[in-house]
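S.K.: For reference, the structure I am asking about is given below.
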Amino acid sequence: MSKVRTRFAPSPTGYLHIGGLRTALYGYLYAKKQGGDFVLRIEDTDTERYVEGSVQIIYDTLKSSGVIYDEGPDVGGDYGPYIQSERKALYKEYAQKLVELGGAYYCFCDKERIESLKDENGNTRYDKHCLHLSKEEIQKKLDSGVPYVIRQNVPTEGTGTYHDLVYGDISVDYKDIEDGILLKSDGMPTYNFANVIDDHLMGITHVIRGIEYLSSTPKYNLMYDAFGWERPVYIHLPPIMKDAQHKLSKRNGDASYDDFIKKGYYKDSIINYIALLGWSPKSNVEKMTLDELKENFSLDGISKSPSIFDETKMKWLSGEYIKELSFDEFKNLALPFLKESAAFGKFDTDKLLNLVKTRVQIMSEIPEKLEFLTDFNEYDVNLFVNEKQKTSIELAKEILPEIKEVLAGLDEFTNANLFETLVGLSTKLGIKKQALLWIARIAITGRSATAGGATEIAEVLGKEQTISRIDFSLNLLNK
RNA sequence: GGCCCCUUGGUCAAGCGGUUAAGACACCACCCUUUCACGGUGGUAUCAUGGGUUCGAGUCCCGUAGGGGUCACCA
């Protein structure tokens with residue numbers, strides 16, 4: 001059996017959306033799993049939809065996410081060029097060949113005539129008008145420069161059947177397929193033609209693409225057959241949805257890979273998550289790095305039904321990866337986000353990082369988690385009331401001065417030291433340490449939930465600020 | 001509208017004629033705990049619907065409903 005070759009063939013229309021990235025990922029994973037090659041081809045035959053810079057975005061996204069192509073416009077390969085606009089001459093040649101083979105024909109009909117073919121639903125259906133032109137007529141029109149397209153000659157009867165690895169046997173009656181345009185009047189091929197020519201010429205063995213091509217595949221097969229080429233294996237993928245009705249699309253402002261990176265998702269979690277959308281591993285382990293995905297990926301795990309993108313689960317995955325990071329790795333990734341925090345520069349950086357490391361799932365959560373360090377204002381003193389710890393406002397009033405006193409006498413303001421001291425105090429006062437630490441934490445933060453416990457926070461704040469915050473809270477309590 | 005495809009908890013999903021219908025996220029409870037988070041334990045919750053076939057159906061067949069795709073000189 002020949003070497004597996006898969007491809008990702010996006011059109012440069014502005015962005016690489018999550019669905020596209022997943023298609024690329026599956027193609028990559030399958031090729032790598034089989035020891036084959038993954039190629040990138042740019043489908044820029046629609047000059048009107050071309051968006052400047054989008055080719056670069058495609059390169060960057062694939063490289064950044066680790067979906068590495070063996071061949072492509074910027075890395076070369078033996079089957080180039082890998083940009084369709086640079087293959088224009090090739091398509092014309094094959095289109096003419098297909099005409100000779102009877103699989104296509106010249107069409108000189110103008111827009112008005114096509115327009116007049118509209119049916120009650122507003123759909124036009126070409127009537128094979130030009131199929132019956134004689135060789136002489138065609139040559140005459142060609143010579144006099146009449147604009148033309150080349151259309152596929154689809155049989156009027158019969159059924160096209162093929163086997164899709166995900167969806168099973170698919171059959172479409174030829175009478176339901178129009179004689180679509182293969183070569184446009186500007187000489188550019190349409191997708192319908194170019195994908196067939198290129199997939200064959202580039203030796204693609206497995207075509208992995210979105211489900212939107214499921215029912216048009218029989219007409220591609222017609223061409224493979226007409227040329228006498230071997231059909232590829234087809235793997236159509238279900239869509240990724242934003243909700244039950246709508247596909248995920250950047251056009252609607254849905255987040256892209258890049259947006260997630262900007263939000264501080266751990267990189268691997270994005271790939272990991274989208275791999276899981278529409279594919280499920282054999283084992284129950286869901287958290288997988290790209291290398292692990294490569295090992296475990298198999299086409300039979302791909303599902304037929306659409307999946308809704310759930311950012312919450314991706315966040316969870318990101319958090320799982322972050323938890324495993326060493327302090328230095330975390331610091332490296334977290335620093336750009338920490339710098340956005342008002343606390344940055346005012347406190348010891350490493351201490352801030354430690355406060356936050358086990359508490360964030362995505363890096364952009366860092367500033368809000370540290371807000372309490374710089375934002376300390378009047379708060380509701382009922383926070384001192386905690387039923388479970390049996391604390392009350394009265395108790396706070398009573399012991400806060402004691403807490404202040406022992407802390408004021410402390411030289412070493414370290415977590416361990418503070419903890420030992422305050423626990424000692426609680427024993428002396430005959431109250432539970434949890435109660436005392438609750439009161440202490442509320443007094444220095446004014447919040448019910450904080451990243452870090454009382455002594456941990458006190459260490460970060462330092463002696464001076466800790467004492468002054470206690471004073472502030474005491475005033476508040478006695479108001 | 002024609003044609004093609006899809007339908008298991010809130011979400012991702014396993015299942016491929018016989019299961020107490022896995023697992024994960026989320027949610028809830030409890031435990032752990034210096035609050036929160038982490039971690040641990042447990043829990044709530046799913047086969048769209050109507051007919052068949054079969055001793056037996058989430059699994060096979062047909063219909064219905066709902067949803068998606070496609071019907072471009074777009075991919």
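S.K.: Can you bin the range A:242-283 into rounded, prolate or oblate? Criterion: square roots of the alpha carbon gyration tensor eigenvalues sorted a ≥ b ≥ c, rounded for a/c under 1.5, prolate for a/b above b/c, oblate for the rest.
M.R.: It is oblate, given that a/c is not under 1.5 and a/b is not larger than b/c.
S.K.: Over chain A, what number does the Rg to Rh ratio reach, with both radii from the alpha-carbon atoms and Rh per Kirkwood?
M.R.: When Rh is taken as the Kirkwood radius, the ratio is 1.20.
S.K.: Now a separate question. For the charge dipole of chain A, defined by +1 on Lys and Arg C-beta atoms and -1 on Asp and Glu C-beta atoms about the Cα centroid, which residue among A:ALA275, A:LEU407, A:PHE472 has the Cα displaced farthest towards the positive pole?
M.R.: My answer, from the dipole projection, is A:LEU407.
S.K.: Could the peptides A:404-415, A:266-277 be put in order, highest first, of the mean number of other beta-carbon atoms found within 10 Å of their residues?
M.R.: A:266-277, A:404-415
S.K.: Something else now. Identify all lysines with a Cα-Cα distance to A:LYS118 below 21 Å; exclude those on the same chain that are fewer than 8 residues away in sequence.
M.R.: A:LYS128, A:LYS175, A:LYS184
S.K.: Given the protein chains as shown and a 1.4 Å probe, how many square angstrom of A:LEU429 are accessible, to the nearest 10?
M.R.: 60 Å²
S.K.: If I compute solvent accessible area with a 1.4 Å probe over the protein chains, what percent of it on the range A:267-324 is carbon and sulfur?
M.R.: 47 percent
S.K.: Follow-up. What are the semi-axes of the equivalent ellipsoid for the range A:1-100, taken as the square roots of 5 times the Cα gyration tensor eigenvalues, largest first, in whole Å?
M.R.: The answer is 23, 20, 11 Å, longest axis first.
S.K.: Under a plain spin-label model, where a point goes 7 Å from the Cα along Cα-to-Cβ, how far apart in nm are A:LYS128 and A:SER185?
M.R.: Simple spin-label model gives 2.4 nm for this pair.
S.K.: Between rounded, prolate and oblate, where does the range A:76-164 land on the alpha carbon gyration tensor, with a ≥ b ≥ c its root eigenvalues, rounded for a/c under 1.5, else prolate if a/b exceeds b/c?
M.R.: It is oblate, given that a/c is not under 1.5 and a/b is not larger than b/c.
S.K.: Now, a different point. Given charges of +1 on the Cβ of Lys and Arg and -1 on the Cβ of Asp and Glu, with all other atoms neutral, how large is the dipole of the range A:76-230 about its Cα centre, in debye to the nearest 20?
M.R.: 420 debye
S.K.: May I pose another question? About the Cα centre of the range A:416-467, what is the dipole size in debye to 20, counting +1 per Lys and Arg Cβ and -1 per Asp and Glu Cβ, all else neutral?
M.R.: The calculated dipole for the range A:416-467 is roughly 220 debye.
S.K.: Please go through the residue pairs A:LYS390/A:LYS479; A:LYS250/A:LYS304; A:LYS294/A:LYS315; A:LYS315/A:LYS339; A:LYS315/A:LYS357; A:LYS262/A:LYS339 and name each one whose alpha carbons sit more than 19 Å apart in this structure.
M.R.: A:LYS390/A:LYS479; A:LYS250/A:LYS304; A:LYS294/A:LYS315; A:LYS315/A:LYS339
S.K.: So for the range A:375-479, Kirkwood radius off the Cα pairs, Stokes-Einstein at 20 °C and 1.002 mPa s: how many µm² s⁻¹?
M.R.: Calculated translational D: 161 µm²/s.
S.K.: Here is a follow-up. Per the Kirkwood formula on distinct C-alpha pairs, the Rh of the range A:300-451 is how many angstrom?
M.R.: Over the range A:300-451, the inverse of the mean reciprocal pair distance is 18.2 Å.
S.K.: While we're looking at this one, here's another question. Report the semi-axes of the equivalent ellipsoid for the range A:126-184 in whole Å, largest first, where each axis is √(5λ) for an eigenvalue λ of the Cα gyration tensor.
M.R.: 32, 12, 8
S.K.: log₁₀ I(q)/I(0) of the range A:58-212 at q = 0.18 Å⁻¹, via Debye over equal Cα point scatterers, no solvent, to two decimals?
M.R.: -1.23
S.K.: Related question: Once every DSSP H run of n ≥ 4 in chain A is given -39500 (n - 2.57) and the sum is divided by its residues, what mean residue ellipticity at 222 nm do you get, rounded to the nearest 500 deg cm²/dmol?
M.R.: That calculation yields -13500 deg cm²/dmol at 222 nm.
S.K.: Whenever you get a sec, line up A:LEU101, A:LEU325, A:LEU131 from highest to lowest accessible area (probe 1.4 Å, protein heavy atoms).
M.R.: Highest to lowest solvent-accessible surface, that is A:LEU101, A:LEU131, A:LEU325.
S.K.: Identify, among A:GLN434, A:VAL154, A:PHE193, the residue whose Cα sits farthest towards the positive end of the charge dipole of chain A, taking +1 on the Cβ of Lys and Arg and -1 on the Cβ of Asp and Glu, with the dipole about the Cα centre.
M.R.: It is A:GLN434.
S.K.: Cα extents of the range A:120-246 along the three principal axes, largest first, in whole Å?
M.R.: Result, largest extent first: 51, 41, 29 Å.
S.K.: Let me ask something additional. Once the Cβ-Cβ distance between A:ASP143 and A:SER116 is put in as r, and R0 is 25 Å, what FRET efficiency do you end up with, to the nearest 0.05?
M.R.: 0.40
S.K.: Could you pull the accessible area for A:ARG231 with a 1.4 Å probe, rounded to 10 Å²?
M.R.: For A:ARG231, the solvent-accessible surface is approximately 90 Å².
S.K.: Follow-up question, since we're still on this one. Viscosity 1.567 mPa s, temperature 4 °C: give me the Stokes-Einstein translational D for the range A:331-383 in µm²/s, with Rh taken as the Kirkwood radius over C-alpha pairs.
M.R.: 111 µm²/s
S.K.: While we're on this one: Put a dot 7 Å past each Cα toward the Cβ at A:LYS428 and A:GLU311; how far apart are the dots in nm?
M.R.: Roughly 5.0 nm, to one decimal.
S.K.: Still on this structure, I have one more. Go through the cysteines of chain A and tell me which have no other cysteine Cβ under 4.7 Å away.
M.R.: Among the cysteines of chain A, those whose Cβ sits 4.7 Å or more from every other are A:CYS109.
S.K.: Give the residue from A:PHE309, A:THR358, A:GLY20 lying farthest towards the positive end of the charge dipole for chain A; charges sit on Cβ (+1 for Lys and Arg, -1 for Asp and Glu) and the dipole is referred to the Cα centre.
M.R.: Ranked along the dipole, the leading option is A:THR358.
S.K.: Shifting gears a bit: Between A:ASP243 and A:LEU165, 0.36 nm times their residue separation minus their Cα-Cα distance comes to what?
M.R.: Roughly 25.5 nm would be gained on extension.
S.K.: Which value, in Å² rounded to 10, gives the accessible area of A:VAL4 with a 1.4 Å probe and all protein chains present?
M.R.: 10 Å²
S.K.: If you place +1 on the Cβ of every Lys and Arg, -1 on the Cβ of every Asp and Glu, and leave all else neutral, what size is the dipole of chain A about its Cα centre, to the nearest 20 Debye?
M.R.: Here the size comes out at about 640 debye.
S.K.: State, to one decimal in nm, how far the label point of A:LYS3 lies from the label point of A:TYR50, with both points 7 Å from Cα in the Cβ direction.
M.R.: Going by the 7 Å Cα→Cβ label model, 3.1 nm.
S.K.: What value does the range A:173-214 have for Rg/Rh, both radii from Cα atoms and Rh as Kirkwood defines it?
M.R.: Ratio value, two decimals: 1.01.
S.K.: Relative contact order, percent, of the range A:313-468 when contacts are C-alpha pairs under 8 Å separated by at least 6 residues?
M.R.: 25 percent
S.K.: If eta is 1.002 mPa s and T is 20 °C, what Stokes-Einstein diffusion coefficient results for the range A:305-344, Kirkwood Rh from Cα pairs, in µm²/s?
M.R.: Using the Kirkwood radius from Cα pairs, D works out to 177 µm²/s.
S.K.: Kindly identify the range A:246-360 as rounded, prolate or oblate by the Cα gyration tensor criterion: order the square roots of the eigenvalues as a ≥ b ≥ c, call it rounded if a/c is under 1.5, otherwise compare a/b with b/c, prolate if a/b is larger, else oblate.
M.R.: oblate
The values are calculated or read from the model by the stated rules, or taken from the named source; none is laboratory data. Predicted model, so just to flag it, every value in this text is computed and none were measured. Glycine also receives a Cβ, built like all others from the backbone with ideal geometry; neighbour counts cover every protein chain displayed. For accessibility, only protein heavy atoms count, side chains too; no ligands or nucleic acids. Shrake-Rupley method; radii C 1.70, N 1.55, O 1.52, S 1.80 Å.
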